[in-house]
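Worksheet: the structure to be examined is printed underneath.
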Amino acid sequence: MDYEKKNRQIANSYYNLGLEKAKIRDLSGAAQCLKKSLHFNKYQTDARNLLGLIYYENGEVADALVQWVISLNLQPENNLADHYLDEIQRKPGQLEVESQNVKTFNQALWHAQNGSDDLAILQLARVVEARPHFVKAHLLLALLYMGREDYNKAGRSLYKILQIDKSNPKALYYMSIVKQNTGRADVEKRKMVKAFSHRQMQDDDVIIPNTYKENTGISTVFHIIVGLLLGMMAFYFLVMPARERDLNRQRDSELTSYMQKLNNANRQNDILKEDYDTLKAQADEVQSQLDELTTGNTSVMAQYQSLIYILQNYRTGDTAAAAKAFAEAGFDLIEDETIQAIVEDIRQDMTANVYQTLVDRGLQVWNAGDKTQAMDLFQASLTIQPDNPEAIFYVGRLYQDAGDMDNANTMFDKVVNEYPDSEYVSRARNARGY
């Protein structure tokens, strides 16, 4: 049996199912199908691109970038991921705005866990105003409203989530609690019962009236008196006890209903406390991850952006720009194994070939009179490949031209002492003066 072909067929089936779910805004179900598709075939770039779009639609921009970068590396040509990444980079400050939204959400989460619900609600309101599709922010806002028993506002936030992702499990669960506390659940139940229990009168249903007989005179008076007596007896012996029993049943029913509502409220309160405790337990980890994600040039998002810039320069043939960017960037915060494999491939190419391109480019700009840029290029080359006596010698010469003899002599001595077989030894000695 061709297992590889079988896996591709299964992956395509899950992708098609995920696509159908995404079309009807069942985003949670679509994401599960697409993850299963990638489990059977990680090279299914269409599934990866669609999963990135779902993450982006839910406000998870960093997760979307991960999927698109992996997709672009697996399929460099004719890939929609390239278009998605260009769209994000083309918008001025888009990544910075997304980072600020995540940071504000993180601050709101911290305030919520420390009892400052009002401040958390204000910050979350700003987040969802700037990013209306940020599902996690809507969920936390709804949870805070439910904690304050403001179920109408909570319902509005949950309704927005279900417009984005109609099968979001947490939103559906919270909405069931909101409906129970606002009476919507009972109203919907009564509508269902009424819709399926109504019976129209059939043609053979006949109302048979009592036989009418006209009475006059004394018999009429007698019948009236007897009717009144019977009516009074029936009232005292039948109606009054039945009325009393109805009142007792109504009182018992109301008492039972109140007890059920109280028990439901207690259970809901326990559930909310458990959710709150879970969020609090995750706070430190979330804080650390979001700081890494959003803090300056060393953030995860900045590292992904640097990798995208390097890959684009590779495709356009500007290896010097790619090498300089690689030398200045760091990728230690990226944990995805596929992305790390891409970084390692680039690092091997840099240390084997591209580092010399920086030296050649540095000589060109030096000859053109730009010593500052030449120094940057030589230093970038040494960052990639420190054991290059040519770049070390040229750095020393630039220090010498600038009058910094201490650093210049350090570079020349390093060439002479550490690379005695290099062709630059004699030139370093001459420049050193011995």
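The values are calculated or read from the model by the stated rules, or taken from the named source; none is laboratory data. Being a predicted model, the structure only gives us computed values, none of them experimental. Virtual Cβ from ideal backbone geometry, glycine too; neighbours counted across all protein chains shown.
The table that follows gives values for the structure above.
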{"quantity": "Test: residue in the stretch 48-62 that is hydroxyl-bearing (Ser, Thr, Tyr), assigned to a helix (DSSP H, G or I) and under 15 Å from the mean Cα position of the chain (by Cα)", "calculated": "yes"}
{"quantity": "Restricting the stretch 371-406 to residues that are of a type in the set (Val, Ile, Thr) and more than 18 Å from Arg427 (Cβ to Cβ), the residue that is surrounded by the most Cβ atoms within 10 Å (Cβ to Cβ)", "calculated": "Ile384"}
{"quantity": "Failed item in (1) of a type in the set (A, V, I, L, M); (2) touching a Phe, Trp or Tyr at 6+ places or on another chain (Cβ under 8 Å); (3) more than 21 Å from Val135 (Cα to Cα), with Leu38 passing the rest", "calculated": "(2)"}
{"quantity": "Output for the stretch 114-138, where each listed residue is surrounded by fewer than 19 Cβ atoms within 10 Å (Cβ to Cβ) and part of a helix (DSSP H, G or I)", "calculated": "Asp117, Asp118, Leu119, Leu122, Ala125, Arg126, Glu129, Ala130, Lys136"}
{"quantity": "Criterion violated by Ala374 - all others in (1) over 22 Å from Tyr309 (Cα atoms); (2) modelled with pLDDT of 90 or more satisfied", "calculated": "(1)"}
{"quantity": "Any chance Glu149 is outside any helix (DSSP H, G or I), among the acidic types (Asp, Glu) and at pLDDT 85 or above", "calculated": "yes"}
{"quantity": "Hits in the stretch 27-54 (condition: farther than 23 Å from Gln9 by Cβ and surrounded by fewer than 21 Cβ atoms within 10 Å (Cβ to Cβ))", "calculated": "Ser28, Leu53"}
{"quantity": "Considering residues of the stretch 300-319 that are among the small types (Gly, Ala, Ser) and assigned to a helix (DSSP H, G or I) only, the residue farthest from Lys103 (Cα to Cα)", "calculated": "Ser306"}
{"quantity": "Asn168 touching a helix residue (DSSP H, G or I) at 6+ places or on another chain (Cβ under 7 Å) and under 29 Å from Leu19 (Cα atoms)", "calculated": "yes"}
{"quantity": "Scan of the stretch 21-69 for residues that are farther than 24 Å from Gln340 by Cα, of a type in the set (D, E, K, R) and in contact with a helix residue (DSSP H, G or I) (Cβ under 8 Å, 6 or more places away or on another chain), ordered by number", "calculated": "Lys21, Arg25, Glu57"}
{"quantity": "Test for Arg397: is it closer than 19 Å to Asp318 by Cα, charged (D, E, K, R) and in contact (Cβ under 8 Å) with a residue 12 or more places away in the chain", "calculated": "no"}
{"quantity": "Options Thr298, Thr294; residue that is at pLDDT below 70, among the polar types (S, T, N, Q) and surrounded by 15 or more Cβ atoms within 10 Å (Cβ to Cβ)", "calculated": "Thr294"}
{"quantity": "Where a residue in the stretch 321-346 is within 19 Å of Ile70 (Cα to Cα) and its partner, wherever it lies, is of a type in the set (A, V, I, L, M, F, W, C) and part of a loop (DSSP other than H, G, I, E, B), with Cβ under 9 Å and at least six apart", "calculated": "Ile339/Phe331; Gln340/Phe331; Gln340/Ile334; Val343/Phe331; Val343/Ile334"}
{"quantity": "Flag for Ala142 being in a helix (DSSP H, G or I), touching a residue at least 40 places away in the same chain (Cβ under 8 Å) and within 18 Å of Asn101 (Cα to Cα)", "calculated": "no"}
{"quantity": "Inter-residue pairs, beta-carbon under 9 Å, first among the aliphatic types (A, V, I, L, M) and in the stretch 76-95, second part of a loop (DSSP other than H, G, I, E, B), 6+ apart", "calculated": "Ala81/Gln75"}
{"quantity": "The stretch 329-370: number of residues that are among the charged types (D, E, K, R) and surrounded by 13 or more Cβ atoms within 10 Å (Cβ to Cβ)", "calculated": "5"}
{"quantity": "Residue match in the stretch 64-78 (condition: over 18 Å from the mean Cα position of the chain (by Cα), hydrophobic (A, V, I, L, M, F, W, C), surrounded by 22 or more Cβ atoms within 10 Å (Cβ to Cβ) and over 30 Å from Leu272 (Cβ atoms))", "calculated": "yes"}
